[in-house]
Amino acid sequence: MANTPISVTVDQVTYEDDVEPRTLLVQYLREQLGKTGTLIGCDTTNCGACTVHLDGQSVKSCTMFAVQADGHDVTTIEGLAQDGDLHPMQQAFHEKHALQCGFCTPGMIMQSIALLQENPNPTEQEVREGLEGNLCRCTGYQNIVAAVQAAAGAGSAAGTQSEEGAA
Amino acid sequence: MTQQLDTTEIGAARGRVDARAKVTGTAPYAYEHHVDQATYGHLVLSSIARGRVTAIDATEAFAQGGVHAVVTHENAHRLADVSDGELAVLQSDRVGFRGQIVAIVVAEDPETAREAARLVQVTYDEEPHESVLDADSPDLYAPDQVNPAFETDTDEGDVEAALAEAAFTVDAVYETPVQHNSPMEPHQTVATWDHHDGRDRLVLLDSTQGVHPVRQTLAPLFALDPQQVTVEAPFVGGGFGSKGMPHANVVAAAIAAKHSGGRPVKLPLTRQQTFTLGGHRTPTVQRVRLGADADGRLDATWHEVVEHTSRVKEFAEQTAVATRLMYDSPNRRTSHRLHALDVPVASWMRAPGEAPGSFALEVAMDELAVATGVDPVELRVRNDPASDPESGHPWSQRHLVECLREGAERFGWQTGVPPRSRREGRWLVGQGVASATYPLNVMPGNEAEVEALDGGRYAVRIGAVDIGTGARTILGQIAADALGCPVGAVELSIGDTSLPFATVAGGSAGTTSWGSAIVAAARALRDEHGASPAVGAVARGVQPENPDTEQYSIHSFGAHFVEAHVDAHTGEVRVPRMVSVFSAGRIINPTTARSQLLGGMVMGLSAALHEETVIDPSGRMPNHDLAQYHVASHADIGHLEAHWLDEVDEHANPMGSKGIGEIGIVGAAAAVANATFDATGVRVRSLPLTADKLGG
């Protein structure tokens with residue numbers, strides 16, 4: 001299968017790569033770039049474990065081809081912390097115990113950041129509806145909602161802007 | 001009574017020690033490990049439910065390029081032991097269910113493997129099959145025992161005479177569907193064959209609830225000593241029983257790696273493939289008959305269960321077992337019958353037995369409350385037995401009544417309100433209650449090792465696995481108290497067969513079983529090396545037998561209170577509020593424990609509202625993905641509270657704890673069902689509680 005050249009910036013590093021047209025963005029991130037912090041949970045765009053940001057918008061990376069990311073900025077869970085300092089949303093998930101097995105966590109954090117970009121101070125119900133495309137089977141969701149609201153209170157929206165500005 | 005630890009770290013609300021790795025995406029699950037020279041496997045699954053593979057044509061698959069092997073029953077590595085029908089992967093041409101492994105493609109990259117798997121042409125000789133559970137089938141049979149080793153049937157007193165004389169009776173049939181554990185991480189394995197000490201060695205990175213159980217199961221299949229199999233599972237993305245014993249995919253990975261030219265094989269299951277290969281909860285049809293006097297005191301309890309099992313391998317879920325001890329009923333009868341079908345292999349799913357069984361019993365109790373006019377909370381209190389009705393043993397503690405009382409208070413339980421009498425706009429509003437119980441399970445044989453390090457630190461080693469429960473965090477707390485040191489001085493190693501033997505993370509048994517071994521090792525270090533051991537001093541401890549488990553009936557209990565709203569026009573159910581109170585012995589870490597309990601409650605709520613895997617007459621599971629097998633999402637959940645009684649069960653183990661992984665799910669679906677009855681006056685006796693059943 002003929003490969004296609006792409007130029008994509010991932011976590012602030014620009015990669016020039018040849019990819020197969022059939023390669024999913026999530027597979028490119030994981031297999032070619034070794035960014036295995038982005039996980040695969042379902043194959044059908046339901047669980048959200050593979051959520052990343054494309055030009056600051058959340059996308060499920062199992063539902064995009066790598067070639068569609070050509071010329072775009074991708075931020076993964078591995079690009080959030082700066083110089084060892086956790087992103088406020090990562091910090092909130094840590095402090096609020098918003099995780100158990102951790103498999104949904106990277107996607108959940110990426111979607112939570114995107115949610116606060118759209119709605120910096122969501123109500124509990126708005127958090128629940130904004131994250132309903134990200135499944136967790138362990139925690140019962142309670143602490144995830146608490147973490148997102150804590151991050152909103154801690155000014156995560158500002159943190160998000162600097163992250164996207166830097167990307 | 002077991003000698004209790006002095007607790008300093010135990011009981012402290014500590015954050016998860018692996019949280020930073022998990023929020024930064026740096027926790028390696030099985031597949032996420034980098035291995036050099038990896039190849040990629042993809043499975044080809046059968047498209048018939050029963051018959052034989054007559055031909056496999058891999059010409060097109062190989063024509064793609066990049067395909068190293070197409071492993072079939074004709075060329076697969078021969079296993080030394082094919083007695084386990086589930087694990088005898090590619091050892092014959094037989095097909096026993098739709099979705100069984102009929103070939104493995106090994107290729108240079110995942111896309112090639114998947115496309116090649118699609119191109120493998122399999123021809124079958126199809127035979128008649130049966131895939132749908134029929135509780136009236138003439139072929140039902142009684143298994144020798146039910147999981148793990150309970151009597152199939154029990155009969156105490158004269159249940160039929162008691163029913164005939166009862167002032168009030170309930171006689172109803174309850175149904176629960178096939179359910180899938182659906183941990184967020186699909187099953188995945190990385191397998192490599194190499195040589196070590198002059199012998200073959202199988203090296204596995206696996207998504208499993210027990211590294212030593214995987215070793216013990218796989219070694220004889222490949223005619224290896226257990227020491228020739230190493231298994232690592234540093235991080236596991238949930239299991240809920242589905243990774244409790246190795247399934248066919250793990251054997252497939254090991255076989256595939258025999259055909260990959262010595263290179264590692266990464267074999268992930270797709271989510272869809274987990275539905276037929278990763279185990280499921282059997283469907284149940286349960287007839288419950290209760291007989292009570294005018295005050296609602298039970299005189300007869302009769303619980304009959306029919307469930308399916310795979311013809312490939314028997315699994316008999318212990319659905320009626322908890323009914324044997326739940327309430328004080330002098331006359332009791334329970335039975336389990338199986339309908340063997342050409343379906344995937346059923347297995348453990350969170351609280352096997354108690355979860356589906358409590359749905360039937362606790363809804364039946366609600367029906368008895370309606371029949372007798374006794375308040376549902378009071379009815380349960382009146383039938384609380386002073387000792388274990390089944391064994392006759394005293395309870396170590398039975399605080400169900402306290403859970404019911406405290407839960408009713410916290411919830412704001414209303415008495416004397418008739419069904420379908422409250423409404424908020426278009427929503428009919430109801431309240432429901434159900435009890436929960438789960439036994440103290442102890443898995444024997446655990447060992448731990450403690451080594452004194454410099455600076456007053458200690459290495460603590462045990463092959464336990466943290467599948468998301470918090471074991472990595474709380475075992476450190478237990479070790480700290482056992483050693484009398486701060487938790488920060490403990491360096492805990494888990495999740496690897498190079499560490500001392502550990503049993504499965506399942507049955508709410510991990511903390512008891514592993515923790516007791518760690519306490520034994522710490523006590524051995526102190527006995528053998530004193531309070532200030534020299535650096536490098538090592539002691540091992542074996543989990544001691546606990547004679548109290550033979551003398552006392554040791555169980556956790558709980559009570560769920562649910563507010564349900566049902567749309568008066570569409571029958572849609574929402575659960576805005578759930579309050580549960582548990583009696584589970586000492587809580588080691590309130591932070592991780594609350595999360596475990598809430599997670600169990602939500603899985604029960606999810607079972608109540610959504611979860612149902614269809615097995616159609618063709619043997620297919622047509623809704624085999626998370627698009628169609630619905631699990632509760634954020635937006636399904638409202639206000640949740642998990643509380644527990646402040647207590648210690650000194651008969652249980654040195655920590656005084658009883659395990660919390662399962663109790664949250666037990667009874668939860670029944671509480672929702674009872675609340676929907678209270679809201680609507682419509683009694684639904686089958687899960688899930690979908691709108692069509694509740695009507696408008």
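Taken together, the values in this text are just the output of simple stated rules run on the coordinates, not laboratory data. Everything quoted here is computed from the prediction, not taken from an experiment. Because the Cβ atoms are built from the backbone with ideal geometry, glycine has one as well, and the counts that use them run over all protein chains shown.
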(Q) Please compute one quarter of the surface area of the Cα convex hull for the protein assembly as shown and express it in square nanometres. (A) 35.1
Q: Of the options B:Leu202, B:Leu87, B:His529, report the single residue whose Cα projects farthest towards the positive end of the charge dipole of the protein assembly as shown (beta-carbon charges: Lys, Arg +1; Asp, Glu -1).
A: B:His529
Q) Can you name the helices of chain B, as whole DSSP H runs, whose Cα span along the helix axis is 20 Å or more and whose Kyte-Doolittle mean is not below -0.5? A) B:354-372, B:510-529, B:590-609
**Q.** Estimated [θ] at 222 nm from DSSP helical runs (n ≥ 4, -39500 (n - 2.57)) normalised by residues in chain A, nearest 500
**A.** -9500 deg cm²/dmol
Q. HN-Hα J couplings of the stretch B:47-58 from phi, Karplus 6.51/-1.76/1.60, θ = phi - 60°, integer Hz, Gly and Pro as x?
A. 10, 10, 8, 7, x, 9, 7, 9, 7, 10, 10, 9
Q. Sorted by mean Cβ packing within 10 Å, highest first, what order do the peptides B:258-267, B:619-628 take?
A. B:258-267, B:619-628
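Just to check, using Stokes-Einstein with a Kirkwood Rh over alpha carbon pairs, what's the diffusion coefficient of the stretch A:88-157 at 25 °C and 0.890 mPa s in µm²/s?
Translational diffusion coefficient: 215 µm²/s.
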Q | Shielding by other protein chains, B:14-22, mean Cβ within 10 Å | A | 5
Q. So, in nm, how far is label B:Arg78 from label B:Gln3 when the simple model puts each one 7 Å beyond its Cα toward the Cβ?
A. 5.5
Q: For the stretch B:28-105 and the stretch B:115-188, compute the distance between their C-alpha centroids and round to whole Å.
A: 28
Q) To the nearest whole percent, what portion of all C-alpha pairs in chain B is separated by more than 50 angstrom? A) 14
Q.
For a Förster distance of 22 Å, can you work out the FRET efficiency between the beta-carbons of B:Thr570 and A:Glu118, rounded to the nearest 0.05?
A. 0.15
Q. Once label points are set 7 Å from the Cα along Cα→Cβ at both B:Ser532 and B:Asp454, what is their separation, rounded to one decimal in nm?
A. 1.7
Q) Over the stretch B:419-554, what is the relative contact order in whole percent, taking alpha-carbon pairs under 8 Å and six or more residues apart? A) 31
Q: Taking the Cα centre of the stretch B:1-66 as origin, work out the dipole magnitude from +1 charges on Lys and Arg Cβ and -1 charges on Asp and Glu Cβ, in debye rounded to 20.
A: 240
**Q.** Number of partner chain Cβ atoms within 10 Å, mean per residue of A:127-135
**A.** 4
Q: Let me know the shape class of the stretch B:1-148, please: from the alpha-carbon gyration tensor, a ≥ b ≥ c as square roots of the eigenvalues, rounded when a/c is under 1.5, otherwise prolate if a/b is greater than b/c, or oblate.
A: oblate
Q) So, by mean Cβ neighbours within 10 angstrom, what's the order for B:396-406, B:446-456 with the highest one leading? A) B:396-406, B:446-456
Q: Using a/c under 1.5 as the rounded threshold, could you call the stretch A:22-160 rounded, prolate or oblate? The axes a ≥ b ≥ c are square roots of the C-alpha gyration tensor eigenvalues, and prolate needs a/b larger than b/c, oblate otherwise.
A: prolate
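In peptide B:25-37, how many Cβ atoms from other protein chains are near each Cβ within 10 Å, on average? Walk me through the numbers before you get to the answer.
Values: counts 18, 6, 9, 2, 5, 0, 4, 7, 1, 2, 0, 0, 0.
That works out to 4 on average.
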Q.
So if I place +1 on the C-beta of Lys and Arg and -1 on the C-beta of Asp and Glu, and nothing else carries charge, what would the dipole magnitude of the stretch B:213-312 be about its Cα centre? I want it in debye, nearest 20.
A. 600
Q: Show me B:637-644, B:465-472, B:229-236 ranked by packing, highest mean number of other Cβ atoms within 10 Å first.
A: B:465-472, B:229-236, B:637-644
Q. Which loop chymotrypsin sites (Phe, Trp or Tyr not before Pro) in the stretch B:51-160, with loop taken from DSSP, have no more than 15 other Cβ atoms within 10 angstrom of their Cβ?
A. none
Q: Please express the Cα-Cα pair-distance distribution P(r) of the stretch B:512-556 as a list of whole percents, one per 5 Å bin, running from 0 to the bin with the greatest distance.
A: 5, 20, 21, 19, 14, 9, 6, 5, 1
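List the trypsin sites (Lys or Arg not before Pro) in the stretch A:1-91 that DSSP assigns to loop (not H, G, I, E or B) and whose Cβ has at most 16 other Cβ atoms within 10 Å. Which are they?
Of the trypsin sites (Lys or Arg not before Pro), the ones in loops of the stretch A:1-91 whose Cβ has at most 16 other Cβ atoms within 10 Å are A:Arg22.
With only Lys, Arg, Asp and Glu charged, each at its Cβ (+1 for the first two, -1 for the last two), find how big the charge dipole of the stretch A:4-79 is about the Cα centre; round to the nearest 20 debye. All intermediate terms of the calculation are to be shown ahead of the outcome.
Working: 4 positive and 11 negative charges, 61 e Å.
Dipole about the Cα centre, nearest 20: 300 debye.
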Q: Using only the Cα atoms of the stretch A:4-79, each taken as one equal point scatterer with no solvent, compute I(q) by the Debye sum, divide by I(0), and report log10 of the ratio at q = 0.18, 0.22 Å⁻¹.
A: -0.60, -0.92
Q: Before rounding to the nearest 500, sum -39500 (n - 2.57) across all DSSP H runs of length at least 4 in chain B and divide by the residue total; then give [θ] at 222 nm in deg cm²/dmol.
A: -7000 deg cm²/dmol
